[in-house]
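Worksheet for the structure shown next.
The values are calculated or read from the model by the stated rules, or taken from the named source; none is laboratory data. As the structure is a computational prediction, the values presented were derived from the model and not from experiment. For neighbour counting, all protein chains shown are included, and Cβ atoms are generated from backbone atoms with ideal geometry for every residue, glycine included. These area figures cover heavy atoms from the full protein model, side chains too; ligands, DNA and RNA do not enter into them. Shrake-Rupley method; radii C 1.70, N 1.55, O 1.52, S 1.80 Å.
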Amino acid sequence: MHRLTKAQARRIAVRAQLLDAPRPTDLLSVVQQLTLLQIDPTAAIAPSADLVAWSRLGSAYQPDQLRKALEVERTLFERDAMVRPIGDLGLHLAGASDWPDYERTRAWLQANDVFRRDIIKLLRSSGPLTSRQIPDSSVVPWKSTGWTHNRNVTQMLECLMMRAEIAIAGRVGRERLWDLPERVYPADVVVPSVEEAEQAKNERRLASLGIARAKQRAMPLEPVHVGEAGEAAVVEGTKDEWRVDPAALAAANDFDGRTALLSPFDRLVYDRVRAEELFDFEYTLEMYKPAAKRRWGYFALPILHHESLVGKVDAVADRKASVLRVNAIHEDVKFTRAITKAVRVELEDLAAWVGLDAIEPVR
């Protein structure tokens, strides 16, 4: 049983996410360590996947590097709103042919099997294609109370992707290009059993987080728990047992920190419960709230300083005026001169990286 102070646990988590100093130097090694970049269409400043990469690599990173890795080099792949290293592909294809678990979706797929075969036939002869280029030959429409209602082509494409019957070959703007998996994925991919894949994913997830819970509430897209991976640990001031990556323990006492502005979807803060337990950091993504009810802003960026989460930056890119508008800097702790200066440097780098000429106003 490892016994850790909160400061030690924080350092382990920060280094596992490549947010210590010195910075990493290439995109592929970043994604291999993080295991994923989450794709989200919100781009108040920049798309989240790019923001996460910039937080690690700095302005040396350019979004075209991600496109090239996905579409040309094929060292990364996109699946289910996540970019992952191609070496992890087999882990995420394990059990794909048994998907979905939900009877309603199974019934819809069975009823639309001709539609399914039409799409695969069309992609085989004409792919890659966007969803707009694929006719709707469904016989039973997709029913939903949300935005997916009657979006039959999109829903079928999503289902076939999850079943590994098609794959995302690239993008045209924000639209995904769909193709057959044999034209996207490597021919020699090894797909383990579901049990082996689950164990490996837990181990990979723990290595990327440094410290996590064995069991945690369900989360969309990617879990935050790690099962029995790693070794048991307790952290001062927190309840119950944690799991810690033994390879990450050196960071507890040998740590060189820096300052970083994070995407709201950054894995250091994505698990809001863990962020509050380990970092005493309260955060909610408020873009879905009415403006009058927001405490921190539409797309506030958490501020990391060394091993502490110290505040949030409410900023938005005004591309027409070529200005990064900083509406507020919320200090969770009283900023020292060093923190204030470091945050300003990061904001200046962010503005330049996005291609904006100025910041206003900023403290």
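Extending each Cα 7 Å along its Cβ direction at A187 and E222, get the distance between those two points in nm, one decimal.
The answer from the label model is 3.2 nm.
Compute the FRET efficiency between T5 and S137 as 1/(1 + (r/R0)^6), taking r as their Cβ-Cβ distance and R0 = 56 Å, and round to the nearest 0.05. Display every interim value, and only then the final one.
Values: r = 61 Å, r/R0 = 1.09.
Calculated transfer efficiency: 0.40.
How high is the relative contact order of the stretch 1-94, given as a whole-number percent (alpha carbon pairs under 8 Å, six or more residues apart)?
Working: 89 pairs, mean separation 24.1, N = 94.
Relative CO of the stretch 1-94 lands at 26 percent.
Would you work out the relative contact order for the stretch 51-134, in percent, from Cα pairs under 8 angstrom that are 6 or more residues apart?
Details: 28 pairs, mean separation 8.4, N = 84.
Relative CO of the stretch 51-134 lands at 10 percent.
Most mobile of H306, H92, H149 per a Gaussian network model of the chain (Cα springs, under 10 Å)?
H149
Would you please state which residues of the stretch 216-245 a label at Q199 would reach in this model, taking the label point 7 Å out along Cα→Cβ and a backbone N cut-off of under 19 Å?
Once the point is set 7 Å along Cα→Cβ of Q199, 225-232, 243-245 turn out to lie under 19 Å by backbone N, inside the stretch 216-245.
Taking the chain as a Gaussian network, where each spring joins two C-alpha atoms under 10 Å apart, which residue of A197, A321, A300 fluctuates the most?
A321
Can you tell me the accessible area per residue over the chain, all protein chains present, probe 1.4 angstrom, in square angstrom? Write down the numbers at each step before the final one.
Values: 17170 Å² over 363 residues.
Per-residue accessible area for the chain comes out at 47 Å².
Of L57, P141, A197, which is farthest along the charge dipole of the chain in the positive direction, counting Lys and Arg as +1 and Asp and Glu as -1 at C-beta?
P141
In percent, what relative contact order does the stretch 128-281 have, based on Cα pairs under 8 Å that are 6 or more apart in sequence? Each step should come with its number before you reach the end.
Numbers: 157 pairs, mean separation 20.7, N = 154.
The value is 13 percent.
Which of these values of Rg/Rh (Cα atoms, Kirkwood Rh) was calculated from the structure shown: (i) 0.92; (ii) 0.95; (iii) 0.98?
Derived directly from the coordinates: (iii).
Mind counting lysine pairs for me in the chain? Cα separation below 29 Å, and the two need to be 8 or more apart along the chain or on different chains.
Close lysine pairs found across the chain: 27.
First measure r as the distance between the Cβ atoms of S59 and L180, then evaluate 1/(1 + (r/R0)^6) with R0 = 51 Å and state the FRET efficiency to the nearest 0.05. Don't skip to the end; give the middle numbers.
Details: r = 37 Å, r/R0 = 0.73.
Efficiency at R0 = 51 Å is approximately 0.85.
Could you give the alpha-carbon Rg of the stretch 97-142 over 2.2 N^0.38 Å, rounded to two decimals? List each step's numbers first, then the result.
Details: Rg = 11.7 Å, N = 46, 2.2 N^0.38 = 9.4 Å.
Scaled against compact globular proteins, the figure is 1.24.
So how much accessible area does S59 have, in Å² to the nearest 10, using a 1.4 Å probe?
60
Among D332, D64, D179, determine the one that fluctuates most according to a GNM of the chain built with springs between C-alpha atoms less than 10 Å apart.
For the chain, modelled as a Gaussian network with Cα springs under 10 Å, the answer is D64.
In the stretch 236-304, which chymotrypsin sites (Phe, Trp or Tyr not before Pro) are in a loop and have at most 10 other Cβ atoms within 10 Å, using DSSP for the loop call?
Details: sites: W242, F255, F265, Y270, F279, F281, Y283, Y288, W296, Y298, F299; in loops: F255, F265, Y270, F281, Y283, Y288, W296, Y298, F299.
In loop regions of the stretch 236-304 (DSSP not H, G, I, E or B), the sparsely surrounded chymotrypsin sites (Phe, Trp or Tyr not before Pro) are Y288.
With each run of n ≥ 4 DSSP H residues scored as -39500 (n - 2.57), what mean residue ellipticity at 222 nm is computed for the chain after dividing by its residue count and rounding to the nearest 500 deg cm²/dmol?
Taking each H run of at least 4 residues, the total per residue is -10000 deg cm²/dmol.
Mind ordering 346-352, 71-77 by average Cβ neighbours within 10 Å, highest first? Could you put the intermediate results ahead of the total?
Working: 346-352: 18.6, 71-77: 16.3.
Final packing ranking: 346-352, 71-77.
Taking 0.36 nm per residue of sequence separation and subtracting the Cα-Cα distance, how much length would be gained by fully extending the chain between S322 and Y288, in nm to one decimal?
Details: separation 34, 0.36 × 34 = 12.24 nm, distance 2.56 nm.
Roughly 9.7 nm would be gained on extension.
Between S29 and A81, what length in nm is gained on full extension when 0.36 nm per residue of separation is reduced by their alpha carbon distance? Write down the numbers at each step before the final one.
Values: separation 52, 0.36 × 52 = 18.72 nm, distance 1.98 nm.
Additional length available on full extension: 16.7 nm.
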